[in-house]
Structures are given as structure tokens and as C-alpha cells.
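The structure appears right after this line, and notes come after that.
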Amino acid sequence: MEALRNVLAVYSAHPSAPLSLLARSVTLVPQQFGDLERSLQAVRIVGMRGSAFLAPADMAGRMFSATRWTDVQVASRLRALGLDVQTYAALKPRILEAAREPITPRELQRALGTDGSAVLAMRTMAREGLILRVGWDDRVRSDALRWVATRSWLGHALDESDADAARAWLAAAYLRAFGPARVEDVAWWIGISRGAAHAALEGASLEEVEDGLLLPSELVEAYRSSPVSAPEGVDVLPKWDPYTMAYAPDGRGRLVADAHLPYAYSTADNRVGATTGDGLPLILVGGRAVASWEHRLDGRRMTVNLRPFAPRLLPAAGVLEEAFAPIGELFGVEIELAIARTTGPAR
């Protein structure tokens, strides 16, 4: 929970969520990860930039309020899905009744006796905070999520506090977690305009510690007394890690050389899915990205293919094996490392 609070939230998808927490924890086992949701310490919401996150339960309501979709956005999504407003309104109470206990999409469709429209409606209801995704077992290698009515799972609705107040809290929390950072970074991370980010930070006690880089005033002394150079530790980060996704695309030079940006983030050529700019799985040395990695699971064996941005940047094989060992323990697999002969982005 301390690791989760330190970064505010992690992307909900597996294995990104558990691997992001593992990278920041002394140790992590599947049961500990599953217990975060079972004990209602953490909850999955649709939040920043319209993406799904696992967040501390006591923060989730304000995150949702700060990033909640407007009625216009919901209506636009319904049109894109081929659902009319009347059908959606009629399905909502039926879905809430069927999802009083965690349910799979197939079980929902069977319970309502409808076509796929009920599942599409349920996914849209998650963007309104009426439905939550929940982990159903201790699986960490892949998702095993069910859906449940928010009030049934939490005992109450998500906080629907004033959106402006919630956004001000979230913007300040972002700077405490990821600062020093720019207003542009705040706007990109939350998914709002630069003007809205300025407005959200208007009442915050901030200092500009470098050109355009802001930090909460209470952290400035600690920041200025911290070492100039980062320790040369090796970190293994998954896709969509909070560190790689924390800054706007034009502000990522703090963690990866400009020449290597196409190797560290998805592009039109190497993307998986419909979007570009997603942080790829990375290896950091001293906080800087030096290689990307991809994995293939085969029973109890996991093959990891490493693609260095430049051969001289990659640590020794023994150091890499030690860095990947916690992932092998979490997944319950033996890891075999393979290093590509060429540089460039993983595919």
C-alpha cells in the first residue's frame, strides 16, 4: 500500500499492476496483491486519461471525481458503441441488480438474456462510477477480473465531490508524487487542458525549482539537499509503469535520451493496439532507460528478450539476472534471458 500511495495509482491491467508494485517493494507475493482488493484497501476505477487504474480506496473517489466523464462524453461513447440513450437507461438498473455480486461478462449476458449490448453498457457504467472491476483470485500473470456494482462492493458510491476541488487535490498530489514537473505534465497526466491544469494549481503552495519545474513548497528543502546523481541501481519496469507514463511526451528526456525515445515508447510502427506513446517495458540504470524487454510464458518458464538501446549501456548478465529474479518469484517461473544483437524497439 505504501508503494501504491507513493505513485497514487498503477495501471489496472496485469501484469503491469503487480509488476509496478513489485518494482517499488522489498517483496511481493500473489496473495498480498490479491488482498489489496479483498480487504478494500485498493479499488479499480476509470481515472486519469480515461484509463483503468488500481488506486488506494481512500483516494479513488477524489481521483474519479477529478477525471469523471461528462454526460456529453458518455453520450458520445454510447453512439460509438451503437447504443441509444433509452436502451442504456433501461439496461442500467437490470445490470446493477445482476452485478450485486462479482460477475463475468458472459454471466451477465446469460442473466439478462441479451446480446452483447449489456456488456457494452456495463463497461460504460464503469466510466460513470456505477460499476467496478475487481480481481477475483491471486492471479498476477494475467487478468481474471469480474464486474460488480460499486455500492454492493464498497457499501457506498464513489465520492462525487466538486470536480474542481477534486482536480486541485489531484494536481497537487501529482506534483508530490512525480515532481518537479511542469504544468504541461500535470495536464497530460490527468488528461485535461493546460488551462485547466493552471486553474487546478492556482491555490497550491508551489515553488519553481528549475525553469518551469514545480514542486510543493514542503518538499523543496529535501529536493535541494538530495544527491545530484542517481545511484546506479538496476530497475525492471513493466509496460505503462507510473514512472514512464508520468510525464508529457515532450518532457520524457528526464528518464530516456531523446535518441532512444522511439525505443522506450510505442510508435506507429511498434504499437500494440490503437494508441501510441505507451511506455514499453524498460530496464533502468540509475533512473535512466537503457533497454526494453518483452516476455513469453511457457508453463513454468519465462523467456525474456532484452533489446538494449546501445550495447555499452546494458549491465552485466549477472546483474540483470538478479534484477529479474523477483519477477520469477512472483510469477512462479524460471527466467531465461536473451539479449538481442541489434538495438531498437521491441515488437
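A compact table of results
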| item | result |
| --- | --- |
| Residue-averaged 222 nm ellipticity for the chain, from DSSP H runs of 4+ at -39500 (n - 2.57), nearest 500 | -11500 deg cm²/dmol |
| Burial ordering of Leu40, Leu96, fewest other beta-carbon atoms within 10 Å first | Leu40, Leu96 |
| Contact order relative to length of the chain, as percent, for alpha carbon pairs under 8 angstrom and 6 or more apart | 15 percent |
| Lys, Arg +1 and Asp, Glu -1 on Cβ, resulting dipole of the chain about Cα centre, debye, nearest 20 | 1040 debye |
| Least to most buried among Val319, Val285 (fewest other Cβ within 10 Å first) | Val319, Val285 |
| Per-residue Cβ neighbour rank within 10 angstrom, fewest leading, Met1, Met122, Met59 | Met1, Met59, Met122 |
| Within a Gaussian network of the chain (alpha carbon springs, distance under 10 Å), most fluctuating of Asp138, Asp241, Asp185 | Asp138 |
| Among (1) 21.0; (2) 27.7; (3) 18.5, the entry that matches mean projected area of the Cα convex hull in nm² as calculated here | (3) |
| Options Val7, Ala80, Thr114, ranked by Cα towards positive dipole end of the chain, top entry (Cβ charges) | Thr114 |
| Rg/Rh (Cα only; Kirkwood hydrodynamic radius) as it applies to the stretch 234-339 | 0.96 |
| Residue of Ala204, Ala181, Ala13 that the Gaussian network model of the chain assigns the largest fluctuation, springs spanning Cα pairs under 10 Å | Ala204 |
| Magnitude of the charge dipole, the stretch 1-161, Cβ model with Lys/Arg +1 and Asp/Glu -1, debye to 20 | 280 debye |
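Coordinate-derived values only; no laboratory data. Owing to the predicted nature of the structure, the values given are computational and were not obtained by experimental measurement. Ideal geometry is used to build each Cβ from the backbone, glycine not excepted, and the neighbour counts take in all protein chains shown.
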